[in-house]
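Here's the structure, in structure tokens; my notes come after.
The values are calculated or read from the model by the stated rules, or taken from the named source; none is laboratory data. Remember, predicted model here, so these are calculated numbers, not experimental data. Here the Cβ positions follow ideal geometry from the backbone for every residue, glycine too, while neighbour counts run over all protein chains shown.
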Amino acid sequence: MLRQNMPVGWAWVTQTIDLSQQFGSEENIFTLDGEPPPSLQQKRVALGLILDDKGHVVTRLIDVTPGNPPAELTVRVSGRGPNKAKFIGMDTVTGFCVIRIDEHSLRPGESLPTPADLDGQLAMSAKLAVKLLGFHPNQSLQPAGQATMTITPRLNSFQGSIIKAVGDFRYNSNNPIYYLQTPEITAMQDGSLIFAKDSLFGIVLYNTGREGHHIVYPVSRVMAIAESVIKSNQSIAYGWLGANGQNYFPALPTQTSQRNLSEPGVIITAIAPDSPADIAGVLPKDILLSINDRRVETREQLASAIRQIPADSEVSLRVKRGAEYKIFKAKLAPAPSTEPEQQLFAFVRRLEAMKEELRSTPANDPKRQMLESRLNMMSGFVQAVTSPAPPDIRLRVFYGLEVHLLSGQLMSYFAVTNGLLVSCISDKNKAALGGLQAGDVIVKVGEQPINSLSSLVNALDNAKGDSIELTVSRRRETVKLSLPR
């Protein structure tokens, strides 16, 4: 537990940004004759809050995802030298990152007033005068030609006002958020501290879009987020509804037809069993029109809206079922993973577990019919969410293998005229269980020759029977293998 009675303190967090991930090596950067190429190791300084005597700091970093942590982090507290820090995880909804200073006993060097909890006192329509403490909007934190940042940027104070974001689709009792009404801030002021009535109130998040508001999160909410990351020792995922769909655009009315009153939305094609959508009562063929009164007209808008809502939030779903309009209440669950590909792995693992449960259930067991229904439901959901994935991802997720195309020289080396070279096999997956090895060349699936990734995926998916028959070339010898379904 974070010690709520301990005054928090601020610190300067220096993040090393490796630009080689974007540009490659220095040879890929063109400069004027005689000019040296710019450093690919850039520094960015952000404001952070030290939350406890264990050295945990919450801050906002850039170009960071759960699968792409920062290259290097240091934390500087007033009056102390820089300390190296370790990335613990992030909240994928807000972007708040939790790091830990190596010197675990470090206490805040600059204490801040006790955090204020004014949510219950502030009327929904009332403005609250606040003070922002952060970097100057035009302050340069990376001096020209300086490869290493050794300064602690100067903090500036700005007057402003906030208001409860009760009309925002993300707002709920577990996620009280505010709009920053004034002043208009820049990206340099992202993560500024908000003070109200001489108390620390929250942190402002800069909105990168042209429309929308800068969001202020109360310190109590920031601490709850940080505590979740610290407790799990990893990043925490956004909310998950468990429904997949396609864009639905009603036909335009003609001169001879009646006016079409249908609304565009997302027609639900598959639902995961026991998911929030399933528990709420949403059914395939329902047309999802809005989430928390926010219009949803495409599946992209649906995905974007869900990813902005924290897990365990209750949402209101407005759907059209036939000629009826219905409202469902759903409590979102945490997404199975923060990374899309790992989510697919999680879905497939659950599908395989359900198959195994059905195989071990006697034919006369009363619950077998229910298990079969849930299995068919999960199978349809997995197919819906994985079918758009590229062939290489489908191969890794469903079959546990990675392959490469063969050049003419490699075909000659392996003594084959077609096929794909197996470069990697995942343990305990179909490929490994079937005896496939790295270095094998998949020549046929059944009687179908294999020449491309798409032909391999299609052949594996469409293979009939209880097993998948493969013909491979292994050390120039033909080997027959059988992969489990």
Identity of the residue in segment 69-81, surrounded by fewer than 18 Cβ atoms within 10 Å (Cβ to Cβ) and either hydroxyl-bearing (Ser, Thr, Tyr) or in contact (Cβ under 8 Å) with a residue 40 or more places away in the chain (or both), that ends up nearest to Leu155 (Cα to Cα): Ser78
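Kindly check whether there is at least one residue in segment 410-423 that is under 19 Å from Glu469 (Cβ atoms), among the polar types (S, T, N, Q), at pLDDT below 90 and surrounded by 14 or more Cβ atoms within 10 Å (Cβ to Cβ). First the steps, then the outcome.
Step one: of segment 410-423, the residues under 19 Å from Glu469 (Cβ atoms) are 416, 418-420, 422.
Pick out the ones that are also among the polar types (S, T, N, Q) and you get 418.
If we keep only those that are at pLDDT below 90 as well, we get none.
No, segment 410-423 contains no residue that is under 19 Å from Glu469 (Cβ atoms), among the polar types (S, T, N, Q), at pLDDT below 90 and surrounded by 14 or more Cβ atoms within 10 Å (Cβ to Cβ).
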Can you name the number of the only condition in (1) farther than 20 Å from Ala384 by Cβ; (2) buried (at least 18 other Cβ atoms within 10 Å of the Cβ); (3) among the β-branched types (Val, Ile, Thr) that Thr361 fails? (2)
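Do we have any residue at all in segment 307-317 that's acidic (Asp, Glu) and either exposed (fewer than 13 other Cβ atoms within 10 Å of the Cβ) or more than 30 Å from Gly167 (Cβ to Cβ) (or both)?
Initial filter on segment 307-317 (acidic (Asp, Glu)): 312, 314.
Subset that is either exposed (fewer than 13 other Cβ atoms within 10 Å of the Cβ) or more than 30 Å from Gly167 (Cβ to Cβ) (or both): none.
Looking through segment 307-317, none of the residues is acidic (Asp, Glu) and either exposed (fewer than 13 other Cβ atoms within 10 Å of the Cβ) or more than 30 Å from Gly167 (Cβ to Cβ) (or both).
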Considering (1) part of a loop (DSSP other than H, G, I, E, B); (2) outside the structural domain of Ile442 (by TED's automatic domain parsing); (3) under 27 Å from Ile442 (Cα atoms), say which one Phe345 fails and leave the rest. (1)
Which pairs have Cβ atoms under 8 Å, sit 6 or more apart or on different chains, and link a residue in segment 188-201 that is under 15 Å from Arg154 (Cα atoms) to one that is at pLDDT 90 or above and polar (S, T, N, Q)? Gly191/Thr59
Taking segment 82-127, which residues are aliphatic (A, V, I, L, M) and either loosely packed, with under 15 Cβ neighbours inside 10 Å or modelled with pLDDT under 90 (or both)? Ile101, Leu106, Leu112, Ala116, Leu118, Leu122, Ala123, Met124, Ala126
Given the criterion in contact (Cβ under 8 Å) with a residue 12 or more places away in the chain and farther than 23 Å from Pro336 by Cβ, identify the matching residue among Leu420, Leu351, Leu375, Leu358. Leu420
Within segment 461-485, the count of residues that are touching a Phe, Trp or Tyr at 6+ places or on another chain (Cβ under 8 Å) and within 16 Å of Asn418 (Cβ to Cβ) comes to 2
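Working carefully through the options Asn462, Asn458, Asn429, find the one that is loosely packed, with under 15 Cβ neighbours inside 10 Å and within 30 Å of Gly242 (Cβ to Cβ). Give the steps one after another, and end with the answer.
Values: Asn458 fails: loosely packed, with under 15 Cβ neighbours inside 10 Å; Asn429 fails: loosely packed, with under 15 Cβ neighbours inside 10 Å.
Step by step, each of Asn462, Asn458, Asn429 is checked, and only Asn462 is loosely packed, with under 15 Cβ neighbours inside 10 Å and within 30 Å of Gly242 (Cβ to Cβ).
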Tell me the residue from Gly265, Gly281 that is in contact (Cβ under 8 Å) with a residue 40 or more places away in the chain, over 24 Å from Thr65 (Cβ atoms), in contact with a strand residue (DSSP E or B) (Cβ under 7 Å, 6 or more places away or on another chain) and exposed (fewer than 15 other Cβ atoms within 10 Å of the Cβ), please. Gly281
Give Ala311, Ala335, Ala305 a once-over and let me know the one that is closer than 18 Å to Pro388 by Cβ and in contact (Cβ under 8 Å) with a residue 24 or more places away in the chain. Ala335
Tally the residues that are part of a loop (DSSP other than H, G, I, E, B) and either modelled with pLDDT of 95 or more or under 20 Å from Tyr325 (Cα atoms) (or both), restricting the search to segment 266-309. 15
So for segment 43-66 (the condition being surrounded by 14 or more Cβ atoms within 10 Å (Cβ to Cβ), at pLDDT 85 or above and acidic (Asp, Glu)), does at least one residue qualify? yes
When segment 172-205 is examined, which residues are found to be surrounded by fewer than 19 Cβ atoms within 10 Å (Cβ to Cβ) and assigned to a loop (DSSP other than H, G, I, E, B)? Ser173, Asn174, Pro183, Glu184, Thr186, Lys197, Asp198
Within segment 206-228, residues under 15 Å from Val130 (Cα atoms) and either over 21 Å from the mean Cα position of the chain (by Cα) or of a type outside the set (Phe, Trp, Tyr) (or both) come out as His214, Ile215, Val216, Pro218, Val219
